[in-house]
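The values are calculated or read from the model by the stated rules, or taken from the named source; none is laboratory data. Keep in mind that this is a model prediction, so the values were computed, not measured. Cβ placement follows ideal geometry from the backbone for every residue including glycine, while neighbour counts extend to all protein chains displayed.
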């Protein structure tokens, strides 16, 4: 299981061909209180960099982009009632969607933990 | 440097306090101010439950000086539609500055100093930060030469807002016992000379404290030391004022929106509606007589999705009929609420409206404002 990050602060944690996507702790701190999440449809396919979801704080809406290409297999329904899970537990309970990767090689273009830590330092 | 825009952000006298308290600093009206400390929702809720401290020093505090009270009042009544002649000493009134077309140049609060607080002919005024230099130019150009407008950059303004604000302030002064909503007077708070007004823009009981810049940090320290008080930023201020149904200049009202459409008839004194005689009177009185074409309304949307400023309102055929001017998911109302303009014929409680957000229709209903009951402290007569 490895976690990779985009420069836009999404993470993708992969187990085999399935990637779990959310936003980093740094990103949730920057956004502040999250009050609404617009989730994608299960079965929808996205190319790396496509807008997949929208996370809204009291102040503003922020687009979530697909960190890698793939097809959505599952969405975090709990966020509909409790979007604040992204603030309280971004890496686990606050995940946003899962997708089946179209091309695992795309992960190579993303940052690992150390590189992301440098990126946000 | 005198009046005029600057590309560098201005800092209020409390800037160091904001940074020390963990405030996240953003640009607002040319100033570096905290948008939040702990979090907007926590600060919003604390203001509704106890008391919060806001730095509103960026707003323009203006002293208007004329040769005598009657002359100053006449000059200000020519500039604004408020009934200022009826203000007793220590009373304040919300009103608007209008252009010749009846558009709103700014909204402001005008205060008559308390008995003995200032020489005869002096009035106080608070205007919006981003508009203060514009307002001064506008008023100076229109007012007679014997009326002076002085922007008091040497003063800070601290707002203490919330249901327990009076309890907090009463530990340091006894003026809280004498002031009702929209009344003001001089007091000594923690040894400092302060002009206290019972006002604010959160819908809660509260006070605005005008104090010399050099004393502002110590007053901030004194009030923040109270266990009931937490600092709050611009984010909470915005969600609180929206729940209270209050307009924000540059958003819910602009220089092309008249006060009738904006639902601010209360800013126009009853006497002034018959007498006129203020800038923009012809246009505004005609709109009162004919009725506005569009009106500001409050809308409550289904679900949690925020419908923000700029979102279009559409009819059943998809035609654009209006626009949202402020909107968010409101912490106290626990609903997606907004203000916006709709055609007058549907501007009434219970009408269904649809907003478009990223191409998706969001169903809403026009509701009565405020969204959260105001809790101003009105003294028994």
Inset, instruction - Could you tell me whether residue B:310 is within 14 Å of another protein chain (Cβ to nearest Cβ), in contact with a helix residue (DSSP H, G or I) (Cβ under 8 Å, 6 or more places away or on another chain) and modelled with pLDDT of 95 or more? - result: no
Inset, instruction - Kindly provide the set of residues from region A:51-61 that are loosely packed, with under 14 Cβ neighbours inside 10 Å and closer than 23 Å to residue A:18 by Cβ, ordered by number. - result: A:51
Inset, instruction - Identify, from the list B:200, B:191, B:180, the residue that is in contact with a helix residue (DSSP H, G or I) (Cβ under 9 Å, 6 or more places away or on another chain) and in contact (Cβ under 8 Å) with a residue 40 or more places away in the chain. - result: B:200
Legend entry - Residue identified as farther than 19 Å from residue B:106 by Cβ and touching a residue at least 40 places away in the same chain (Cβ under 8 Å) among B:262, B:236: B:236
Legend entry - Number of the exception - residue B:279 against (1) part of a helix (DSSP H, G or I); (2) in contact with a strand residue (DSSP E or B) (Cβ under 9 Å, 6 or more places away or on another chain): (1)
Inset, instruction - Kindly provide the set of residues from region B:189-205 that are farther than 19 Å from residue B:229 by Cβ and either surrounded by fewer than 17 Cβ atoms within 10 Å (Cβ to Cβ) or under 16 Å from the mean Cα position of the chain (by Cα) (or both), ordered by number. - result: B:193
Inset, instruction - Kindly indicate whether any position in region B:90-101 is within 18 Å of the chain's Cα centre (by Cα), modelled with pLDDT of 95 or more and within 17 Å of residue B:151 (Cα to Cα). - result: yes
Inset, instruction - Give the number of residues within region B:190-218 that are assigned to a helix (DSSP H, G or I) and under 20 Å from residue B:60 (Cβ atoms). - result: 4
Inset, instruction - Mind listing whichever residues of region B:37-69 are farther than 19 Å from residue B:203 by Cα and within 14 Å of chain A (Cβ to nearest Cβ)? - result: B:37, B:38, B:39
Legend entry - Test for residue A:64: is it crowded, with 19+ Cβ neighbours inside 10 Å and touching a helix residue (DSSP H, G or I) at 6+ places or on another chain (Cβ under 6 Å): no
Legend entry - strands (runs of 3 or more DSSP E) contained in region A:4-121 and holding at least 1 residues within 14 Å of another protein chain (Cβ to nearest Cβ) and modelled with pLDDT of 95 or more: A:34-38, A:51-57, A:61-65
Inset, instruction - Please specify each residue of region B:228-267 satisfying the condition of being in contact with a helix residue (DSSP H, G or I) (Cβ under 7 Å, 6 or more places away or on another chain), within 14 Å of another protein chain (Cβ to nearest Cβ) and not in a loop (DSSP other than H, G, I, E, B). - result: B:235, B:236, B:239, B:240
